[in-house]
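Heads up: the structure comes next, in structure tokens.
The values are calculated or read from the model by the stated rules, or taken from the named source; none is laboratory data. The structure presented is a predicted model; accordingly, all values stated were derived computationally and were not measured. Cβ atoms come from the backbone with ideal geometry, glycine included; neighbour counts cover every protein chain shown. Keep in mind that these areas ignore ligands, DNA and RNA; they rest on the heavy atoms of the full protein, side chains included. Shrake-Rupley method; radii C 1.70, N 1.55, O 1.52, S 1.80 Å.
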Amino acid sequence: MRASLRQLTSPRQVVKVAAPLTVSVAAIAYLGHTIDFAGVMQRMTLHAAAILVPAILAFCAVSLFIESMSLVRLAPPAIRDDFHIGTAARIKAASYLLSLIHYALGAGTLSLLLRRRARIGFADAAGMVILIMMFDLGMVLLLVAVGVSLIATGAPELQFGMVLVVIAILVTGLAALRLPISLGPLDRIRDLELFRAARTTPPRLLLELAFLRLTFVMSFELMGWAALTAFGVMVPFGALLVNFSLVALAGTLPAVAGIGPSQVGMVEFFRNYGDRESLLASSIALSAGLIVFRAAIGMLFAREFTREALSASQSAPLGAEEDA
């Protein structure tokens, strides 16, 4: 008991708990000083819900299918015949509750469940999850480059060149993990088991994964467009790709259940397209809808997996287990 208490009150643990709380409180305080919350509540109408709820439902269905397909396609060949999309979907759904606390915690939970329920070694499972995250980040950056090129006026060859540069950077980074040449001191990082999926996945599967993750990120952008439209905020497509991608990146900052940074991001990045109350209302409604629907999916679609994930997260740090 004393050892557990000392661990909980260690400086590292205190910082891990205090940092997200501080970020969320600071963000909420900032919004409270600059926005009329009564005006925000007045914008929460049935008309807005009629647009936003179907959009969130569609995104949840499409994203769960894409996430499941991504996991199935990246699974080691030895288990691919037994690892079906239904199992992958339930494992992914079970990670939703932890991902609502923070994106990284959800990723760790997903890796742990893949190890336990799909009998994938933890290094391989974590490698699959990391590869998917790398592709997601790459697709977000690609859409930002496309958005910037759509916003910019003049010099179309420069705009097209910007997109090509981003693509070249992404391809070069992946190639650096796969080429059979020495990278000097970086070889120790490249040879980590966590990057085995990135090193060994066949090129054809990497192209499939790129298409799946681009579709996933685009569906997320379209959900953001629906959320803004529901509250009367009209945004050009190029600006949507750039600004909503930045909102998504802000949402990965350490915060309690992601609350705070996403809302500040939505208000500040889209301030030229709508009033602050409407922007905050769209962000709150979108976040609340995702939390409710994903929590429901996790509890109803994968109840036993969800209980296992919650129990594991409380008994041991995710990622600390060794392969059996």
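Annotation: amide H-H contacts under 5 Å for residue 231 (H modelled 1.01 Å from N, sequence separation of 5 or more, or interchain): none.
With the simple model of a label 7 Å out from the Cα in the direction of the Cβ, residue 78 to residue 178 spans 2.3 nm. The overall shape of the stretch 41-134 is prolate: from the C-alpha gyration tensor, with semi-axes ordered a ≥ b ≥ c, the ratio a/c is 1.5 or greater and a/b exceeds b/c.
Stretching residue 171 away from residue 292 to a fully extended chain increases their span by 39.9 nm, per 0.36 nm per residue minus the current alpha-carbon distance.
Distance from the alpha carbon centroid of the stretch 54-115 to that of the stretch 198-276 works out to 19 angstrom. Using a 1.4 angstrom probe and counting only protein chains, how large is the accessible area of residue 116 in Å², to 10? Its accessible surface works out to 90 Å², give or take rounding. The listed residues 188, 117 rank as 188, 117 when sorted by accessible area, largest first, using a 1.4 Å probe. Here the 3J(HN,Hα) profile of the stretch 266-277, calculated from phi with Karplus coefficients 6.51, -1.76 and 1.60 at θ = phi - 60°, is 4, 5, 7, 6, 10, 5, 7, 10, x, 6, 5, 5 Hz, Gly and Pro shown as x.
Per residue, the solvent-accessible area of the stretch 83-131 (1.4 Å probe, heavy atoms of protein chains only, all protein chains present) comes to 31 Å². Kirkwood-type hydrodynamic radius, the stretch 196-249: 12.8 Å, calculated from all non-identical alpha-carbon pairs. Around the amide H of residue 120, modelled in the peptide plane, lie the amide H atoms of 115, all under 5 Å away and 5 or more residues distant in sequence or on another chain. The trypsin sites (Lys or Arg not before Pro) found in the stretch 61-90 that occupy coil by DSSP, while having at most 13 further C-beta atoms within 10 Å, are 80.
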